[in-house]
Amino acid sequence: MRKVSERQLDSLGNEIHVPKDMKKLLNLNFLKWLNKTGRIGKYDLPYLYCYTEIFPDYIALDNEPGLYHHTPQTCVSFYNYDNEFDGIHGLYNAIYFGDEKLLTKYKKRYQDVNFFITPDYSVCGDVHHLENLYRIWKSRIVGIWLSLVMGAVVIPNIMYYSEEYFDESIAGLEECSVVAFSTKGHMRNPQERQLTRKMIKYTIDHLHNLNAIVVYSVCGNENDIYKLFEYATLQGVSVIIPRNRLQVRNAGRCHRG
C-alpha cells in the first residue's frame, strides 16, 4: 500500500510530514494478517496452514467459556447461531476495524486455549454466492488471527452448500493435515447427508496431505457418524469425534432409552 503523509506543524512551528495510517483510514486493518499468508484462485482466498499430530478430545462452543479448559486438549468452536458470535462486537469485526480494546478482550477470553476450529459462518444454497464466499473468507481471516495472535492450533472448518462450489470450500487448505466438519443439523435430512458425503469425498480426494478429520457431532450414536465418514476411513484418514456437551447429553438419552 502506498505511503501517504500529511503536513503538520510541530511545537516550534516547523512544518513536518506525519505518516497517515491508511489501513486504518480505509478499513483495511485485516491486511495486517492477510499479508502474512498466500492467496489462491480467482477469488484470492487466503491460505490457512494446520499441521498437528495431537487432536482435541473435547469441543466447547464459543458461548461456553466455562468449558474452554474442560480438558488440556479442549477445542473452542463456533458452531452457534451466527448472531451469537458474529454480532457488532464479534471477533471478525474487531479484526476488521482494528478495535484494539475489543481485540484485547478476546485475547483475554481465549487465553491458554490450545485448539480452535475456525468459525462456522452459515452458508446456504438459497443465498447469493458472493455472500457465501465472503463468509468463507471471513472464517479464514479469523483463523489466521487465532493462529498468529493466540498461538493455537487452528483447524479449518469445511463450509459447503453446493457441489458447484466445492472447490472454493477447500481452496487454500492444501497444506493442512486436519480439517473439521460439523454434522449438526445434517443427520436427519437425507439431502443434507448426501451433500455431506459428497463433500467428504471431495475433500479427501483433493487435500492430499490430509491425515485426520475432526467431527463436531451432537448425535448420541457415534456409529451413525462413522458410517457417514466411511469413505474417509477407507482412504486411511482418521475420523475423530471429540465429546461435547450436547453429544454427552444425547448419548445419555440413547443409553437410557
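Reported count of residues in segment 150-206, each being at pLDDT 95 or above, of a type in the set (A, V, I, L, M, F, W, C) and under 20 Å from Gln247 (Cβ atoms), is 7. Annotation for segment 211-223: no member residue is in contact with a strand residue (DSSP E or B) (Cβ under 6 Å, 6 or more places away or on another chain), within 27 Å of Arg39 (Cα to Cα), surrounded by 20 or more Cβ atoms within 10 Å (Cβ to Cβ) and of a type in the set (Ser, Thr, Tyr). Checked against the criterion of being of a type in the set (Gly, Ala, Ser) and more than 25 Å from Ile240 (Cβ to Cβ), the candidates Gly143, Gly125 yield just one match: Gly125. Only one of the numbered conditions (1) more than 16 Å from Ile136 (Cβ to Cβ); (2) touching a residue at least 40 places away in the same chain (Cβ under 8 Å); (3) of a type in the set (Gly, Ala, Ser) is not met by Gly66, and that is (2). Would you please name the residue that is farthest from Val214 (Cα to Cα), looking only at residues in segment 73-114 that are surrounded by fewer than 17 Cβ atoms within 10 Å (Cβ to Cβ) and touching a strand residue (DSSP E or B) at 6+ places or on another chain (Cβ under 8 Å)? For segment 73-114, the residue satisfying everything is Asn80. Annotation for segment 42-65: no member residue is at pLDDT below 90 and on the phi > 0 side of the Ramachandran plot.
If you go through segment 40-80 and keep only what is of a type in the set (Phe, Trp, Tyr), out of contact with any Lys or Arg (no Cβ under 8 Å at 6 or more places or on another chain) and over 21 Å from Val248 (Cβ atoms), you end up with Tyr43, Tyr49, Tyr51. If you go through segment 79-113 and pick out every residue that is within 23 Å of Pro46 (Cα to Cα), aliphatic (A, V, I, L, M) and either assigned to a loop (DSSP other than H, G, I, E, B) or in contact (Cβ under 8 Å) with a residue 60 or more places away in the chain (or both), you end up with 1. Within segment 212-222, the residues that satisfy the criterion of being without any contact (Cβ under 8 Å) to a residue 40 or more places away in the chain and not hydroxyl-bearing (Ser, Thr, Tyr) are Ile213, Val215, Val218, Cys219, Gly220, Asn221, Glu222.
The values are calculated or read from the model by the stated rules, or taken from the named source; none is laboratory data. Just so we're clear, the structure is a prediction, and the values are computed from it rather than from any experiment. All Cβ positions, glycine included, derive from the backbone under ideal geometry; neighbour counts span all protein chains shown.
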